[in-house]
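In what follows, a structure is listed as structure tokens, so that the remarks can point back to it.
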Amino acid sequence: MNVALKQYHFSLLHLRGLNTKAKDMVKPKTPEEVKEEDVTEQDKELSTIYSNMAACHMRLQRYDRVVKCSEQALKSNAYNKKAKFRLAQGYIRMGALEKAAKIIDELAEQSPDDEGIAAERRNMKVKERQADEKQRKQFAGMFDRAKKSDD
């Protein structure tokens, strides 16, 4: 896995070196302003490489890196669905369930029959239940103790 990450890194260096577009010298557009047809092949390649790096980091359980690589992929190509999906996976694994829910909902609208999205939604529900259980255990006797001290 580390060998793959190294090769992806070299690919990124190569593609960044090719970035000589005149439009990059002008004020960059926000992701909302960029249309899908405006995304260059180079940006698509960069996005794919970052997305693949996120997949490698996912397998290595480096969830902070999954999020960073997915965000970089989406900077290059905001229409990369795999990068959005991996970003949501990273957020779920890190416990940032609200951020993940927004992304999962957006992806589910675009691809309602996708089993991967449905699986991550189920995974998110499990994580939410685990967090609720943990919180209940943490605060279990809190109000009982307050009643005893009042007596």
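The values are calculated or read from the model by the stated rules, or taken from the named source; none is laboratory data. This structure is a prediction, so every number in the text was calculated from the model and none was measured. Neighbour counts are summed over all protein chains in view; Cβ atoms, including those assigned to glycine, are modelled from backbone coordinates with ideal geometry. All accessible areas refer to the heavy atoms of the entire protein, side chains included, with ligands and DNA or RNA removed. Shrake-Rupley method; radii C 1.70, N 1.55, O 1.52, S 1.80 Å.
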Restricted to the range 85-134 and to residues being among the charged types (D, E, K, R) and not in a helix (DSSP H, G or I), the residue nearest to Ala54 (Cα to Cα) is Asp114
In the range 62-79, anything open to solvent by 50 Å² or more (accessible area, probe 1.4 Å), farther than 28 Å from Arg129 by Cβ and outside any helix (DSSP H, G or I) is listed as Tyr79
Only one of Lys82, Lys137 is out of contact with any Asp or Glu (no Cβ under 6 Å at 6 or more places or on another chain), charged (D, E, K, R), surrounded by fewer than 10 Cβ atoms within 10 Å (Cβ to Cβ) and part of a helix (DSSP H, G or I), namely Lys137
Of the residues in the range 101-122 that are out of contact with any Lys or Arg (no Cβ under 9 Å at 6 or more places or on another chain) and buried (at least 16 other Cβ atoms within 10 Å of the Cβ), the one that is farthest from Gln72 (Cα to Cα) is Arg121
